[in-house]
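Report on the following structure.
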Amino acid sequence: WYDNSIFCTVFGTLFNLIPELSVFLLAVLSFSRTYLLLSPLRKQTRTATFSVMGIFLCLVLVHEILPLVLHKLHFHYTSDEAFCWDAGVSQAWDIYDNVVDMTLLAIPIIPVSISCLITCYKIYKSSNTTNHKICLVKRNATITILLYTITYIVFSLPNFMNYVVWAQSKIRFGTSAPYYSGVFMKYYSWLLTDTLLVTVVSTINPLILLLRVRKYKLSVSTSQYS
């Protein structure tokens, strides 16, 4: 049933869509905290934030669904890798799909890493502030966001490198798939970086929330005895 075309299309679409939304939400979280630290007197409105998120969601849905409706992209099951992959009906559509996926999944690690470094620097400098109570609240919130961000960077770096290898293979050798020297990396590199590491991050994030956020920790502990 795994190689069923309908299942493969639904699974493949969700498999592409969920990580893209996850990366974007983390980027919004990281950038908004950095912006707050750099410009503490400027307020961030919920309307503007949710408007940006809504526009991005619409664009991602269009990218993932419209090519399928127009029959420009299709998902197919590969028995060698035991996975559902998407491919364009032409080389142009295939390049478009890969470039957009790289833009949404791989490239964000660069601005997010820069934002993380700026936030770390501001946290270090904030230790000299005179208002200790306000500093402590902001520091705890920022450290929690930093933990999310660093976790994303560490576990997304292999995926970023995979896309770099793919781009290099596309430019230098003209191949549609990344060029690897070993058989293991050829068949399992994308499964490890796109599947296993995404699962690891999804497992670690609730643990960070449980350990860092006091209200969430209290609700979990009290629900065990209710």
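The values are calculated or read from the model by the stated rules, or taken from the named source; none is laboratory data. Fair warning: this is a prediction, and the values are worked out from it, not measured in the lab. Cβ sites come from the backbone with ideal geometry, for glycine too, and all protein chains shown count toward neighbours. Accessible surface areas use protein heavy atoms only, side chains included; no ligands, DNA or RNA. Shrake-Rupley method; radii C 1.70, N 1.55, O 1.52, S 1.80 Å.
Condition test on Y124, is it open to solvent by 80 Å² or more (accessible area, probe 1.4 Å), assigned to a helix (DSSP H, G or I), within 21 Å of G12 (Cβ to Cβ) and at pLDDT below 85? Against the criterion (open to solvent by 80 Å² or more (accessible area, probe 1.4 Å), assigned to a helix (DSSP H, G or I), within 21 Å of G12 (Cβ to Cβ) and at pLDDT below 85), Y124 does not qualify.
For region 29-41, check the following and say yes or no: at least one residue is of a type in the set (A, V, I, L, M) and touching a strand residue (DSSP E or B) at 6+ places or on another chain (Cβ under 9 Å). Step through it out loud before you land on a result.
Narrowing region 29-41 to residues of a type in the set (A, V, I, L, M): 29, 36-38, 41.
Keeping just the survivors that are touching a strand residue (DSSP E or B) at 6+ places or on another chain (Cβ under 9 Å) gives none.
No, every residue in region 29-41 fails to be of a type in the set (A, V, I, L, M) and touching a strand residue (DSSP E or B) at 6+ places or on another chain (Cβ under 9 Å).
Close Cβ contacts (under 8 Å, 6 or more residues apart or on different chains) running from residues in region 82-95 that are touching a residue at least 24 places away in the same chain (Cβ under 8 Å) to residues that are open to solvent by less than 30 Å² (accessible area, probe 1.4 Å) and outside any strand (DSSP E or B) comprise C84/C8; C84/G12; W85/G12; D86/G12; D86/N16; D86/D97; W93/P67.
Does R42 satisfy the condition of being more than 18 Å from W190 (Cβ to Cβ) and assigned to a loop (DSSP other than H, G, I, E, B)? Talk me through it step by step, then tell me what you get.
Values: more than 18 Å from W190 (Cβ to Cβ): yes; assigned to a loop (DSSP other than H, G, I, E, B): yes.
Yes.
Every condition in (1) open to solvent by less than 80 Å² (accessible area, probe 1.4 Å); (2) out of contact with any helix residue (DSSP H, G or I) (no Cβ under 8 Å at 6 or more places or on another chain); (3) not acidic (D, E) is met by V89 except one, and the failing one is (1). Scanning region 101-117 for residues that are surrounded by 17 or more Cβ atoms within 10 Å (Cβ to Cβ) and assigned to a helix (DSSP H, G or I) turns up D101, M102, L104, L105, I109, V112, S113, S115, C116. When V164, V69 are checked against the criterion of being over 24 Å from the mean Cα position of the chain (by Cα), within 22 Å of L21 (Cα to Cα) and at pLDDT below 90, V69 stands alone in meeting it.
Restricting attention to region 72-91 and to residues that are part of a loop (DSSP other than H, G, I, E, B) and aliphatic (A, V, I, L, M), the residue that is modelled with the lowest pLDDT turns out to be A82. Return yes or no: is T203 open to solvent by less than 70 Å² (accessible area, probe 1.4 Å), modelled with pLDDT of 70 or more and assigned to a helix (DSSP H, G or I)? Here the answer is no, as T203 does not meet what is asked. Taking the criterion of being open to solvent by less than 40 Å² (accessible area, probe 1.4 Å) and in contact (Cβ under 8 Å) with a residue 40 or more places away in the chain, the residues of region 34-62 that qualify are T34, L37, V60.
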